[in-house]
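Contents: one structure, followed by commentary.
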Amino acid sequence: MQSRNVFFAIVDDVCKELGYPPRANRPELDEVVAMEMDLDGFPFAVVHSLVTASERVLIECRFGPLPGEDKEAVMYRLLQLNYALADAGESIFAVEAETGDVLFTRTCLLANESGRSLLGSMTQMSWQARQWNTHRFLEQKEEMSAGVPLNFGALA
């Protein structure tokens, strides 16, 4: 339960950073709780689980649906980015089966987080979501071959 108190302290710190009062109720008996909010027009969930990783928090940013065209190239690119992100071991891309939305997730140690650092991570993720919505992390269409990008740009 110590980790749950740390999670709620971080949530209260986020509220303070954004100019909102702290939450009045705390569902401490629930195995999984989430703070849900929009930031820069993108939906976020910050999830704490007492079951799977009580010392960590999961930040999830919903980028939006996979595109109708170039879907294979986009999914291929996301797999390549997952491989690049594997070194850090904290972030991955996924596709939610029910909605088809691309999710970008990041895990963080509760002990290393504050409201300000959590909002910083979320701001960076929303910037990446804007990049996703602009060009799907792909180079120009002319540089495509058989639906697969020839030249990949970097994920900033």
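The values are calculated or read from the model by the stated rules, or taken from the named source; none is laboratory data. As the structure is a computational prediction, the values presented were derived from the model and not from experiment. Every residue, glycine among them, receives a Cβ derived from its backbone with ideal geometry; neighbour counts consider all protein chains shown.
Results, tabulated for the structure shown:
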read-out: Residue check, F7 closer than 22 Å to G100 by Cβ and among the aromatic types (F, W, Y); value: no
read-out: Matching residues, region 1-35, being touching a Pro at 6+ places or on another chain (Cβ under 7 Å) and among the β-branched types (V, I, T); value: V33
read-out: Among residues of region 12-34, those that are touching a helix residue (DSSP H, G or I) at 6+ places or on another chain (Cβ under 8 Å), closer than 18 Å to T107 by Cβ and either in a loop (DSSP other than H, G, I, E, B) or modelled with pLDDT under 95 (or both), counted; value: 1
read-out: Answer residue from region 64-93, given it is part of a strand (DSSP E or B) and free of Cβ contacts under 8 Å to residues at least 60 places away in the same chain and is surrounded by the fewest Cβ atoms within 10 Å (Cβ to Cβ) among those; value: P65
read-out: Hits in region 125-141 (condition: out of contact with any Leu (no Cβ under 6 Å at 6 or more places or on another chain), surrounded by 16 or more Cβ atoms within 10 Å (Cβ to Cβ) and part of a helix (DSSP H, G or I)); value: M125, Q128, A129, W132
read-out: Failed item in (1) closer than 22 Å to S126 by Cβ; (2) touching a residue at least 24 places away in the same chain (Cβ under 8 Å); (3) surrounded by 12 or more Cβ atoms within 10 Å (Cβ to Cβ), with G41 passing the rest; value: (3)
